[in-house]
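Take a look at the structure below.
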Amino acid sequence: MAEPLVFAFPEQEILAKNIAEKLQLALGVAEIRYFPDDESYVRICSDVRNRTIILVTDLAHPNHKILPLMFMAETLKELGANRIILVAPYLPYMRQDKRFNSGEAVSAILFAKYLSSWVDGLVTVDPHLHRIDRLTTIYSAPAVLTLHAAEKIAAWIYQNVPSPLIIGPDAESEQWVSEVARGAKAEYVILEKIRLGDREVRVSIPKIMDTSKTPVLVDDMISTGTSMIATIKKLLASGFQSPVCVAVHGLFCGHAYQDLLQAGAKQVVTCNTIAHSSNQIDVSDLIAKNIKDLF
Ligand code: R5P
């Protein structure tokens, strides 16, 4: 059987190239673009017959990326691809995981249902699992691989931050913050966060904390930046030096990145699950090493 082929969606060309290189696989050629009226155009130029196809996507701000993905996956199957493995390092639509108010669409479940029907395998990094404890509860694709960036983040902190104190924003974050702290050989604290709205949170920090340490805020994602900005303000007011902000996924809605720096972050660092200038932690080898199990 022919070797698997790696296709890159726009915005994830570098990650796709890195993954292909690490797996010693070739990159496929496809044209993915938008017509002037925003409809999507997809053309697959490589021979995909009887091949496993690895699609490397960026699904941040997902709505206009979903249709091209579906067109790509369905066309690959029509053209004879054997199996389609989707690498979506950032998996969107994970937060609306229940009906909070009557009549709401539970988008996490609906999105999972459609995505699962398009691909044979899904590889992702630190999906936002809150009330759903594992991805396979909602994703029915034949193979689902959930990877964790904690070790990579810990290594980055260990190498780059002197005397760090790892800070998790809320109880939910303890699962990965504790692992990051262990790997970075650092202590950690977990704060209390109450979300009052999309752009409003209240953060409480414990009274006794060692302010001589470098605070490192670690979260799975930075969306509007509200959570980290509120925490930065509290830490600075308590006598800490400017914190380093680290997230797996940097969505940076609006001016979130600039807002974080302006609020006093010393540095904002993310994994390359979503392409951004803050990417300093490379997850391509994590993906390449583990995806092998799927083919
Ligand atoms: C919340 O549950 C997540 O772990 C993040 O803390 C949250 O999504 C960050 O969002 P924002 O940057 O908008 O505060």
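The loop-placed trypsin sites (Lys or Arg not before Pro) in the range 120-166, going by DSSP, that have at most 15 neighbouring Cβ atoms within 10 Å of their Cβ come out as ARG131, ARG134.
If the chain linking GLU3 and GLU74 were pulled fully straight, counting 0.36 nm for each residue of separation and taking away their Cα-Cα distance, it would gain 23.6 nm. Length gained on full extension, ASP293 to LEU196: 30.7 nm, using 0.36 nm per residue less the C-alpha separation.
Three principal axis extents of the range 219-267 based on alpha-carbon atoms, in descending order, are 29, 18, 16 Å.
The helix-only estimate of mean residue ellipticity at 222 nm for the chain, built from DSSP H runs of length n ≥ 4 each weighted as -39500 (n - 2.57), is -9000 deg cm²/dmol after division by the residue total. Among the trypsin sites (Lys or Arg not before Pro) in the range 31-104, those located in a DSSP loop and surrounded by at most 16 other Cβ atoms within 10 Å of their own Cβ are ARG49, ARG95, LYS98, ARG99. Per-residue Cβ neighbour counts within 10 Å put CYS271, CYS253 in the sequence CYS253, CYS271, beginning with the fewest. Helix 174-184 and the longest principal axis of the Cα set of the chain meet at an angle near 80°.
Measuring r between the beta carbons of SER242 and SER102 and using R0 = 51 Å, the FRET efficiency lands at 0.70. Only the Cβ atoms of Lys and Arg (+1) and of Asp and Glu (-1) were treated as charged; on that basis the dipole of the chain about its Cα centre amounts to roughly 460 debye.
For ASP58, ASP133, ASP47, ASP259, the sequence from fewest to most other C-beta atoms within 10 Å is ASP133, ASP47, ASP259, ASP58. For the chain, taking Cα atoms only, Rg and Dmax work out to 20.0, 62 Å respectively. The range 139-164 and the range 230-295 have their alpha-carbon centroids 12 Å apart.
Once both labels are positioned 7 Å from their Cα atoms along Cα-to-Cβ, the gap between ASP38 and SER178 label points is 4.5 nm. Over 20 Å apart at the Cα level, from the set LYS152/LYS233; LYS213/LYS266; LYS185/LYS234, are LYS152/LYS233; LYS185/LYS234.
Take the Cβ-Cβ distance between LEU67 and LYS233 as r, set R0 to 45 Å, and report the resulting FRET efficiency rounded to the nearest 0.05. Result of the calculation: an efficiency of 0.65.
Annotation for the range 31-76: chymotrypsin sites (Phe, Trp or Tyr not before Pro) lying in DSSP loop with at most 10 further Cβ atoms inside 10 Å of their Cβ do not exist. Each peptide in 163-171, 196-204 gets a packing score, the mean of other Cβ atoms within 10 Å over its residues, and the list from highest to lowest is 163-171, 196-204.
Between the beta carbons of LYS207 and GLN267, assuming R0 = 25 Å, the FRET efficiency works out to 0.40 to the nearest 0.05. Between GLN280 and VAL29, the contour length at 0.36 nm per residue exceeds the Cα-Cα span by 87.6 nm.
Expressed as a fraction of 2.2 N^0.38 Å, the C-alpha radius of gyration for the range 89-210 is 1.26.
No lab work stands behind these numbers, since they all come straight from the coordinates. Being a predicted model, the structure only gives us computed values, none of them experimental. Every residue, glycine among them, receives a Cβ derived from its backbone with ideal geometry; neighbour counts consider all protein chains shown.
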